[in-house]
Amino acid sequence: MSDEQLVMTSDKKKKISFFSAILIVIGGSVGAGIFLRSSSVLKESGGNIFWAIFAWLLAAFAVITMAIALVEVASGRNDNLGMIGWNKAFNGLYIYKGCKWFMTFLYLPFTFYFMPLYVIIQMQDAASGFVSGGGEIINKAFGENDWIIMMVITLGISGWFFFTAGLSSRIGNIQNWIVTSLKFIPLIVVVILGLLFATDKLNSKADDPTLTVGQQLLQITWWDAKASSLKSLSPIFGLFTSMAGIFFAYDGFYVTAGIQSEMAEPKKTPLALVLGLSTVTFIYLLLAISMTVGAAKGGFYDFSEPLKKNNSGWMFGIINMFIAIGILGIINGFVMWCTRFVEDLIKEGELAVPHRIYKKMLTSKTPLVGTIYSIIISLPIVVIFNVIGSLAYFPDAYDGSGYGGNHFLSDLTFADRMANWMAVIAFAFIALSIFGALKNRKGNWIQVEKGKHTVWAGWVAVTLVFSALFIYALDSYVSLGLLTSNGHKYDAHNKELFSNEFIGQIVTSVLLPLFVLFMFGMVPIEKFIISKKKALYERKLSENLSEQDRQKYLELQEFNNLRLSTFETVC
């Protein structure tokens, strides 16, 4: 999630060197996702360190093959619409329009739902590092309705970036430089901490007193008949559901697929992507292994207690602050991209705004319209899904030290689910654009720069991404069946947890088909509305109108015809 200029206009005077391209790939892909997903990947891998490493490698292989195939895909478009433009070029109307509705009305607003929540939990953990029980003190002050306060804070965080980075790329770039200078510090420190605490942790007693933690990390249960979810039923299923979380850690890598037009040696673009993403994978693996062998449950937050015992709790606080700043950087970069992306969609006729605003936007140098539009579509989603997450979902064993009330923990767990869904659906649309490019190999309706590795890499990427999507989507429905069949096995102490989880799985199993229905169901509705307006403007223009009214309807008709043309210029 960075400033997503996917295919840039080439400047002959300034070309990116091969080494610089690798650095761009690394800088655009490394983020805070590793800290947010490491422990869940280990958990879904059955607690086995080697299976968890395999999950990271498999997901990374999917990302790398996707990046290789995207070089050819990106060469078929020369705009900033990214995956929407790619699907418009290589796929049919419903795929391309569905991608537009997803990216604009789901992916965009949901980012402002879960990303600020991650900032808050990191800052609460930081408070616990600086002051013993600092996070808990904050939560007790807010009480069980803490989720309302947190929602207001998330809106404030998003508002700050909308009115800074959204309106001024200069301010956005300054904020981005500050973040970039700090975001690699936690990566280095956490690796060192993991190695320092590894011996004590690996030799300590596991949950099973007959084993050490080191021995337990080598154990694996291939089938758990008492499981309450598909991902915990077997690590084989967990392998694919964990890929969704890993995709979140890589989310934004596709920004770099468009650097080919700027490279001094364009033919080396696939190699730059492979080397860059392989380096990111190595960094992520090093971090994941360090946290697995050095932290209690394989997550960064478990370094809190050993650091406090060594009178170094302040270090835990500082690292959490840096991670929070890194997440703020993701929001900053996303705002810089999304406000301009929305305006590009309006100019293409993909989104509707009042005609007067459209005319002013064409001559404006500030993306004010894109900023206001993004705020309008994000605000309801943020409020509605904070309410759903807090009141209709279940609290999981969240890794943070600054634990909130049950409602806030439920919201965080739900935010994790939504973040993974947004990432995996986005990857699915990218995979669809690659599938379209593979079909283009036979039809040749779009001129592209063909790569020698596109075919095998494309098929591998499409297969892995859709396997992960299928298993991840299936999880909620299978979980409902498992909870129903195993419900009688729960003792009185766990009945409430069972009830909460059952309700939560119902919520998620209903939301997924609603998302799909929204993405593709809006396509015929959009065309129906535009066609009705076309008939209205034609009827009005056939009447006796004043010169002023005629001019107004001609302008309205012109913009409506632009919108109608988006249904005709599709393969």
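The distance linking the range 25-53 with the range 285-305 is 10 Å (Cα centroid to Cα centroid, whole angstrom). Only Lys, Arg, Asp and Glu carry charge here, each on its Cβ (+1 for the first two, -1 for the last two); on that basis the range 18-565 has a dipole of about 1540 debye about its Cα centre. Note: relative contact order over the chain, using C-alpha pairs below 8 Å and six or more positions apart, is 30 percent.
The simple spin-label model puts a point 7 Å past each Cα toward its Cβ; for Ser485 and Glu568 those points are separated by 5.5 nm.
Rank-order 362-371, 310-319 by packing density, defined as the average count of other C-beta atoms within 10 Å over each peptide's residues, highest first.
Ranking the peptides 362-371, 310-319 by packing returns 310-319, 362-371.
Neighbour counts of other Cβ atoms within 10 Å put Ser433, Ser128 in the fewest-to-most order Ser128, Ser433.
Which net charge results when you count Lys and Arg as +1 and Asp and Glu as -1 among the other residues whose beta-carbon is under 10 Å from that of Leu233?
After counting each charged neighbour, the total is 0.
The candidate values are (1) 33.7; (2) 25.0; (3) 24.2; the one derived from this structure for Kirkwood radius over Cα pairs in Å carries the label (2). Approximating the spin labels as points 7 Å out from Cα along Cα→Cβ, the Leu554-to-Lys226 distance works out to 7.8 nm. Against the main long axis of the alpha-carbon atoms of the chain, helix 406-443 sits at an angle near 50°. Against the longest principal axis of the chain, how steep is helix 33-44, in degrees 0 to 90 to the nearest 10, with axes from Cα atoms? The angle comes out near 60 degrees. With contacts taken as Cα pairs under 8 Å and at least 6 residues apart, the range 83-241 reaches a relative contact order of 8 percent. Each of Val353, Phe50, Val63 was placed along the dipole of the chain (beta-carbon charges, centred on the mean Cα), and the one lying farthest toward the positive end is Val353. Rounded to the nearest 10 degrees, the angle from helix 368-391 to the longest Cα principal axis of the chain is 40 degrees.
Per residue, the chain reaches -25000 deg cm²/dmol at 222 nm when only DSSP H runs of four or more residues are counted, each adding -39500 (n - 2.57).
A straight chain from Val387 to Leu286 at 0.36 nm per residue would run longer than the Cα-Cα distance by 32.6 nm.
Shown for Met519, Met150: other C-beta atoms within 10 Å of each C-beta, ranked fewest to most, produce the order Met519, Met150.
Rule-based calculations on the coordinates, nothing more; no lab input. In this text, all values refer to a predicted model and were calculated from it rather than measured experimentally. For neighbour counting, all protein chains shown are included, and Cβ atoms are generated from backbone atoms with ideal geometry for every residue, glycine included.
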